[in-house]
Amino acid sequence: MSLFKKSRRKVYLDHAAATPLDSRVLSAMVPYLKDEFGNASALYALGVSARKAIEDARASVARVLRTTPDTIVFTSGGTEANNLAVRSVIPRSESSSDEESLLARKHPHLITTTIEHDSVLQPIKQLEREGFEVTYLPVDSEGRVSVKSVSENLRSDTILVSIMYANNEIGTIQPIAEIGREILKWRKNKNSPYPYFHTDACQAINYLSVAVDALHVDLMTFNASKIYGPKGVGGLYKRRGVEIATLLYGGGQEFGLRSGTENVAGIVGLGKAMEIAEEMKAKEVERVDELQRFFWEKIENEIKNAQLNGPVLGENRLVNNLNISFRGIEAEALVLYLDAKGIACSTGSACSTSSALRSHVLEACGYSKERIESSVRFTLGRGTTMGDIDYAVAVMRKVVNTLQRK
């Protein structure tokens, strides 16, 4: 077999990176890309129409999250929403004379995990450089953080706990509701509004319940491009009463938190994508779970030296995620060979052998350098079929056998 002979067949297995735009979403967006082009701040008819479209989308998102529209803040995507959640949490006190006020403390404290997305870790590290104290909670070999470790690290000066709902690399689902309950107990015992609890739910929307009250979260990030919506738009749920600072100053859009002319078409697309994801969730979870198990069973049976990274298949792992180490190969080489055969997937580590660029998620799980650098992530989606998996595994078997012999 010529490994680099191009294939006409296309199999997309990288839905955690980006999803294709649903045709129903595009149809909802088109009017606001063409005729309904008004600025939502304008008083004339085109502006009023744009404002109504935004507020209708806000209501749609709120219904999915089981909350009220005034708690939904639209952003340019998940990265901005995470930055807004992390960097804008400003401690406040009703009494300026309160010596115990968090404002009086020089070094507020934050808690996160070692496997967060960089759009959470990097702003937190910047806050650390600015004088904040940070606790980075470890995870086990499946990438799971313990509820006990969160509660044991809460302090009187902790202002934020940020833990992602489902990991983008290995699909680990964190016990968000249990952590949220512990934080609520802490706040009640201390008679304090802090710490706020934030979760990055970008990977969770398609497959998990995202009812914010049931999860006991104060802040939640979501992103259209992960749910078959447009790129460049996302949002942040902000519970009523949660105090966060303005991110962008200007015209005062989005409740004064991030000024700028709204991306009406993108927001409409996000609202429609959220509706569709919620409608399809139950059936898609069942269908994709079957595909995931079928995929892993074929790999186990047909490809030597394959090892699953992260949780076993089941309740603690997203049903669309398989992160697999193929011992004796370089992941980047496998990805390129598969791409030549029309199969799109991604590496479990960056395209470098530098320890600074290897997957921080797999490192946090305690995996060896060799295992990390031979890891590939496959993430399934709405368009994935049994035939796609049969084709992918057949190609993969030949490629892996060839690379392992070299």
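Some observations on this one:
- Residues located in segment 46-80, provided they are of a type in the set (S, T, N, Q), out of contact with any Leu (no Cβ under 9 Å at 6 or more places or on another chain) and closer than 17 Å to VAL264 by Cα: SER49, SER76
- Here ILE276, ILE324 are screened, and the one residue that is of a type in the set (A, V, I, L, M) and either in contact with a Leu (Cβ under 8 Å, 6 or more places away or on another chain) or free of Cβ contacts under 8 Å to residues at least 40 places away in the same chain (or both) is ILE324.
- Listed by first and then second residue, the pairs with beta-carbon distance under 9 Å, at least 6 apart or on different chains, first residue in segment 147-171 and over 28 Å from ASN191 (Cβ atoms) and in the same structural domain as TYR207 (by TED's automatic domain parsing), second exposed (fewer than 15 other Cβ atoms within 10 Å of the Cβ) and acidic (Asp, Glu), form an empty list.
- Scoring ASN82 on the criteria (1) over 30 Å from GLN292 (Cα atoms); (2) buried (at least 23 other Cβ atoms within 10 Å of the Cβ) leaves a single failure, condition (1).
- Check on ALA331, among the aliphatic types (A, V, I, L, M), within 30 Å of SER41 (Cα to Cα) and surrounded by 23 or more Cβ atoms within 10 Å (Cβ to Cβ): no
- Here SER88 fulfils each of the conditions (1) more than 23 Å from the chain's Cα centre (by Cα); (2) at pLDDT below 95; (3) farther than 30 Å from TYR337 by Cα apart from (1).
- For segment 221-257, taking the residues that are over 22 Å from the mean Cα position of the chain (by Cα) and aromatic (Phe, Trp, Tyr), the one that is surrounded by the fewest Cβ atoms within 10 Å (Cβ to Cβ) is identified as TYR249.
- Restricting SER375, SER349 to those that are buried (at least 23 other Cβ atoms within 10 Å of the Cβ) and modelled with pLDDT under 95 reduces the list to SER349.
- Filter result for GLY143 (crowded, with 24+ Cβ neighbours inside 10 Å and of a type outside the set (A, V, I, L, M, F, W, C)): yes
- All of (1) in contact with a strand residue (DSSP E or B) (Cβ under 8 Å, 6 or more places away or on another chain); (2) outside the structural domain of VAL400 (by TED's automatic domain parsing); (3) not in a helix (DSSP H, G or I) hold for LYS231 with one exception: (1).
- Qualifying residue in segment 194-205 (condition: surrounded by 24 or more Cβ atoms within 10 Å (Cβ to Cβ), β-branched (Val, Ile, Thr) and touching a Lys or Arg at 6+ places or on another chain (Cβ under 8 Å)): yes
- So ALA16, is it touching a residue at least 24 places away in the same chain (Cβ under 8 Å), over 30 Å from VAL335 (Cα atoms) and either basic (Lys, Arg) or surrounded by 13 or more Cβ atoms within 10 Å (Cβ to Cβ) (or both): no
- Here ARG58, ARG63 are screened, and the one residue that is among the charged types (D, E, K, R) and surrounded by fewer than 18 Cβ atoms within 10 Å (Cβ to Cβ) is ARG63.
- Scan of segment 258-268 for residues that are under 13 Å from ALA50 (Cα atoms), of a type outside the set (D, E, K, R) and surrounded by 14 or more Cβ atoms within 10 Å (Cβ to Cβ), ordered by number: ASN263, VAL264, ALA265, GLY266, ILE267, VAL268
- Taking first residues from segment 52-63 that are touching a residue at least 12 places away in the same chain (Cβ under 8 Å) and partners that are among the small types (Gly, Ala, Ser) and not in a helix (DSSP H, G or I), the Cβ contacts under 8 Å between residues at least 6 apart in sequence or on separate chains come to ALA53/ALA40; ILE54/ALA40; VAL61/GLY235.
- So LEU291, is it in contact (Cβ under 8 Å) with a residue 40 or more places away in the chain and either at positive phi or not assigned by TED's automatic domain parsing to the domain that holds ASP388 (or both): no
- Filter result for ASP35 (outside any helix (DSSP H, G or I), farther than 25 Å from GLN122 by Cα and assigned by TED's automatic domain parsing to the domain that holds THR261): yes
- Some residue of segment 234-247 being in contact with a Gly (Cβ under 6 Å, 6 or more places away or on another chain) and of a type in the set (A, V, I, L, M, F, W, C): no
The values are calculated or read from the model by the stated rules, or taken from the named source; none is laboratory data. What you see is a predicted model, and the numbers here were worked out from it, not measured in a lab. Methodologically, a virtual Cβ is constructed for each residue, glycine included, from the backbone with ideal geometry; neighbour enumeration extends over all protein chains shown.
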